[in-house]
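Worksheet: the structure to be examined is printed underneath.
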Amino acid sequence: MNTPAQRPDDTLLSAWLDGEVEGADCARVQGWLQEHPEDAALVRLWAADRDALRARFSPTLDEPIPERLTQTAWRRSGERRGLVWGWWGQAAAAVVLLAVGVAIGALWRGSTSAEQVASAGRSWTQRAAVAHAVYAPEVRHPVEVSVREGDAAHQREQEAHLSRWLTRRLSVPVKLFDLRDQGFELVGGRLLPDAAGPSAQLMYQDGMGMRVTVYLRKAADQDVPAAFRYERQGDLGMFYWVEGRSGYALVGSQSRERLLALAQAIAKQDQMPASASAPAR
């Protein structure tokens, strides 16, 4: 009788993600992730969090320790005020410098907990990138509400349901953009958490199976209308902007030029009545 495989604990999964696991343990983790897509999605989320933090804070690693901090730590350590004071001054300096090193090191390694990520000040655009990294590779469950199943009448019904459901939950109009002229078909969408409430993700796929996602959220009070901005996080590119009461982030691994064409199509349709921008079947 075969004994059921035991799930690797989070410490082992995290170590495997950092390339610190070898041999039998490495094979066990890889086998487990291949057989358990939920844990594989969790590890992808950790990786996306790590990469987002690295992209945000890696420039800090090249910065020198602030001179004011160094001067404060060592100000009296060199003064000859007796052996006891010299020892305490050097100890205090060592503690301060060690704390700085630990803090920078923690940011470099990234975090696998939501609390640590939140404390690092991750923005909504980074949440959009993480959501794309988690759900775009999914084969069986890429979306909560699929609009590509059944006949044309059923697909139209699902599109209407998806738009109404997300609009009601976000408290802002959620349109389903028609990107077929750009080579992308709507796959469906899902509800996601945002910092201050729900957000939404719409997923589109081209004929080669490549996907892009549109992350939508209700604009916060401090958000102001903003034109397209572009940034890159690892292999992912993103155009994001704020228009009216909504914030948008288009995420994908496509070229900057192709993502820009998609973003422009979305922004143009956002100015149209909902019936004119919804995909027609």
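Got a sec? Which of L162, L191 is of a type in the set (A, V, I, L, M, F, W, C), outside any loop (DSSP other than H, G, I, E, B) and surrounded by 19 or more Cβ atoms within 10 Å (Cβ to Cβ)?
L162
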**Prompt:** Which numbered condition trips up S123, out of (1) of a type in the set (G, A, S); (2) under 15 Å from the mean Cα position of the chain (by Cα); (3) under 21 Å from Q269 (Cβ atoms)?
**Reply:** (3)
**Request:** Could you please find all residues in the range 142-156 being in a loop (DSSP other than H, G, I, E, B) and either β-branched (V, I, T) or without any contact (Cβ under 8 Å) to a residue 12 or more places away in the chain (or both)?
**Result:** V143, V147, E149, G150, D151
**Asked** If you take the residues of the range 1-29 that are part of a helix (DSSP H, G or I) and over 23 Å from the mean Cα position of the chain (by Cα), which of them is nearest to H132 (Cα to Cα)?
**Response** V29
**Prompt:** Does at least one position in the range 166-180 carry a residue that is within 19 Å of R44 (Cβ to Cβ), at pLDDT below 95 and open to solvent by 60 Å² or more (accessible area, probe 1.4 Å)?
**Reply:** no
**Complete:** Checked pairs for the range 7-36, first open to solvent by 60 Å² or more (accessible area, probe 1.4 Å), second of a type outside the set (V, I, T), C-beta under 7 Å and 6 or more apart or across chains, list as R7/W32; W16/C26; D25/L12; R28/P8
**Request:** Filter the strands (runs of 3 or more DSSP E) completely within the range 194-267 down to those with at least 1 residues that are more than 18 Å from the chain's Cα centre (by Cα).
**Result:** 198-206, 226-233, 236-243, 246-252
**Residue in the range 225-256 that is modelled with the highest pLDDT, counting only those that are basic (K, R) and either farther than 22 Å from L162 by Cα or touching a His at 6+ places or on another chain (Cβ under 6 Å) (or both)** = R256
**Request:** Answer yes or no as to whether A278 is at pLDDT 90 or above and either within 22 Å of V147 (Cβ to Cβ) or crowded, with 17+ Cβ neighbours inside 10 Å (or both).
**Result:** no
**Message:** For L259, only one of the following conditions fails: (1) modelled with pLDDT of 95 or more; (2) closer than 16 Å to R127 by Cα. What is its number?
**Reply:** (2)
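The values are calculated or read from the model by the stated rules, or taken from the named source; none is laboratory data. All of these numbers come straight from a predicted model, not from anything done at the bench. Every residue, glycine as well, gets a Cβ built from its backbone with ideal geometry; the counts of neighbours run over all protein chains shown. Ligands, DNA and RNA are stripped out before the accessible areas are found, and what is left, the full protein with its side chains, is counted by its heavy atoms. Shrake-Rupley method; radii C 1.70, N 1.55, O 1.52, S 1.80 Å.
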